[in-house]
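What follows is one structure encoded as structure tokens, with my remarks underneath.
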Amino acid sequence: MARIVMKFGGTSMAGIERIRAVAERVKGEVDRGNDVAVIVSAMAGETDRLVQFCREASSRYDPREYDVVVASGEQVSSGLLAIMLQSMDVDARSWMGWQLPIRTSEAYSSARIDDIDADILSKAIEGGKVAVIPGFQGMTREGRLATLGRGGSDTSAVAIAAAMKADRCDIYTDVDGVYTTDPRIVPKARKLSKITYEEMLELASVGAKVLQTRSVGLAMKHGVPLQVLSSFEDKPGTMIVDETEFEDKDMEKQLITGIAYAKNEAKVTLTSIADKPGSVAAIFKPLAEGNINVDMIVQNFARDTGNTDVTFTVPSDDLARSLDILEQAKESIGYREIIHDTDVCKVSVVGVGMRSHAGVASTMFETLADRGINIMAITTSEIKVSVLIEEAYTELAVRVLHTAYGLDQQDDAA
């Protein structure tokens with residue numbers, strides 16, 4: 001017997017027939033003698049519909065009331081799934097986030113989970129009851145409902161799995177696992193049988209949309225084994241596990257695990273800034289205070305003028321707000337003009353093999369140069385290299401890099 005948390009996304013819950021199929025999967029785990037908790041998202045498109053209602057009601061809506069509205073989609077899904085399970089003679093009931101409770105911070109629409117009191121839930125599951133829980137939501141210390149941000153149901157599932165000390169957290173979605181890259185761009189992309197937490201965290205943070213970044217970080221912190229599976233096909237998925245689950249020979253063999261891309265980037269350049277201590281801080285301090293996440297940073301120094309140009313990237317959704325903040329801080333920063341560009345894309349290669357292999361970055365740079373693809377900015381971590389390129393070259397870059405690192409091969413090194 002195992003204790004399993006099953007999470008189903010919006011496409012899995014899109015209509016009664018799909019909810020019936022979800023119920024059949026849940027019943028299958030129950031029939032195998034497992035203790036089960038289920039986390040559900042709103043039906044596909046429902047959250048967008050509710051968000052639009054809020055915007056139509058007022059462009060300056062109260063975020064606390066916004067959360068009340070958008071969280072209702074998951075409540076509907078959880079109730080319907082509980083009803084469906086009961087019709088199949090499965091002892092199930094729905095639990096709202098406040099009933100457990102799932103306690104969160106007060107950053108409405110982007111709250112973080114502080115803790116979960118899983119005692120009541122654990123006792124119910126041990127008694128044979130299936131708990132159906134709406135994802136994406138919790139309760140603040142003041143007793144108000146708060147949501148975790150888009151994709152937050154993944155985080156809900158991992159947090160509940162950690163609190164319940166579950167043996168595994170299964171994430172059911174519209175893809176059947178984690179691939180070496182987007183198979184819509186590279187048909188030869190391979191599904192990985194397993195991948196490390198670190199690699200998945202990097203891939204999620206640089207554009208792979210399989211899992212929410214926060215959910216992977218939480219799973220790594222608490223050692224929750226994750227499995228990504230298809231809601232629509234009954235076949236093995238991808239396990240996301242600790243690095244110790246890999247054989248040393250596999251780690252040495254596997255240089256690059258995957259390639260991701262993100263088109264939601266905007267490039268910003270501030271020109272003719274005085275090259276002196278404090279100039280760069282004057283740029284990024286007001287952006288940080290505005291909760292703008294800055295990624296790539298490049299500084300170009302002109303010896304003849306003593307000035308420098310600073311280029312960096314921000315999420316494209318935050319571009320307008322970033323420009324406003326920088327305009328207001330123009331006097332303290334002392335730049336001449338702002339140049340911005342949204343026709344850019346970040347392409348990243350990720351793999352734990354980088355730790356023990358030299359030349360990963362040079363392969364990337366040479367491969368792109370051979371195809372005439374210019375690199376505008378670069379950022380690296382221990383297991384990642386990312387470059388900023390023109391958006392028009394995105395698919396070509398992903399394809400040639402996938403081949404350059406030998407990911408087109410049919411054997412699954414992972």
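Computed quantities for the displayed model
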| quantity | calculated |
| --- | --- |
| Residues whose placed amide H lies under 5 Å from that of Thr104, excluding near-sequence neighbours | Asp114, Met139, Thr140, Arg141 |
| Rounded to the nearest 10 Å², the accessible area of Ser332 at probe 1.4 Å | 90 Å² |
| Other-chain or far-sequence residues with amide H under 5 Å of Met43's (modelled H) | Ser77 |
| Hydrodynamic radius (Kirkwood) for region 234-383, which is based on Cα pairs only, to one decimal in Å | 18.1 Å |
| Top of Val30, Val216, Val224 by mean-square fluctuation, Gaussian network on the chain, Cα under 10 Å | Val30 |
| For Gly258, distant residues with modelled amide H under 5 Å away | Val350 |
| Unit charges at the beta carbon, dipole of the chain: most positive-side option, Leu203, Pro101, Ile4 | Pro101 |
| Percent of alpha-carbon pairs separated by more than 18 Å within region 71-226 | 62 percent |
| Translational diffusion of region 83-126, µm² s⁻¹ [Kirkwood Rh, Cα pairs; Stokes-Einstein; 20 °C; 1.002 mPa s] | 175 µm²/s |
| Ranked order, His402, His357 - accessible area, probe 1.4 Å, largest first | His357, His402 |
| The chain - percent of accessible surface contributed by carbon and sulfur, probe 1.4 Å | 47 percent |
| 5 Å-binned pair-distance histogram of region 325-414 (Cα, whole percent) | 3, 11, 20, 18, 15, 11, 7, 7, 4, 2, 1, 0 |
| Nearest-10 value in Å² for the accessible area of Ser205, using the 1.4 Å probe | 60 Å² |
| Alpha carbon Rg of region 300-356, scaled by the compact-globule rule 2.2 N^0.38 Å | 1.58 |
| Residue-wise HN-Hα coupling along region 160-165, computed from phi with Karplus coefficients 6.51, -1.76, 1.60 (Hz; x: Gly, Pro) | 5, 4, 5, 5, 8, 6 |
| Table column - 3J(HN,Hα) (Hz), region 108-119, Karplus curve with 6.51, -1.76, 1.60, x for Gly and Pro | 4, 6, 8, 5, 10, 6, 8, 6, 10, 8, 9, 4 |
| Under Karplus coefficients 6.51, -1.76 and 1.60, residue-wise ³J(HN,Hα) of region 269-283 in Hz, glycine/proline x | 10, 9, 9, 6, 9, 4, 8, 8, x, x, 5, 5, 4, 5, 7 |
| Charge dipole magnitude, Cβ of K and R +1, D and E -1 - region 1-89, Cα centre, debye nearest 20 | 160 debye |
| Entries of Lys7/Lys263; Lys276/Lys330; Lys27/Lys129; Lys165/Lys194; Lys209/Lys384; Lys7/Lys209 with Cα pairs more than 19 Å apart | Lys7/Lys263; Lys165/Lys194 |
| For region 1-137, the spread of Cα positions along each principal axis, largest first, Å | 50, 33, 17 |
| Of the trypsin sites (Lys or Arg not before Pro) in region 150-179, those whose Cβ has at most 16 other Cβ within 10 Å and which sit in DSSP loop | Arg150, Lys165 |
| Cβ-defined net charge surrounding Ala14, 13 Å radius [Lys, Arg +1; Asp, Glu -1] | -1 |
| Low-density loop positions, chymotrypsin sites (Phe, Trp or Tyr not before Pro), region 204-294 - DSSP coil, at most 15 other Cβ in 10 Å | Phe232 |
| Region 323-355: trypsin sites (Lys or Arg not before Pro) in DSSP coil with no more than 14 other Cβ atoms inside 10 Å | Arg336 |
| Largest-first principal axis extents of the Cα set of the chain (Å) | 79, 53, 32 |
| Top of Ser231, Ser58, Ser110 by mean-square fluctuation, Gaussian network on the chain, Cα under 10 Å | Ser58 |
| Estimated [θ] at 222 nm from DSSP helical runs (n ≥ 4, -39500 (n - 2.57)) normalised by residues in the chain, nearest 500 | -10500 deg cm²/dmol |
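The values are calculated or read from the model by the stated rules, or taken from the named source; none is laboratory data. All of these numbers come straight from a predicted model, not from anything done at the bench. So basically every Cβ, Gly included, is an ideal-geometry build from the backbone, and we count neighbours across all protein chains shown. With ligands, DNA and RNA removed, areas are computed over all heavy atoms of the protein, side chains included. Shrake-Rupley method; radii C 1.70, N 1.55, O 1.52, S 1.80 Å.
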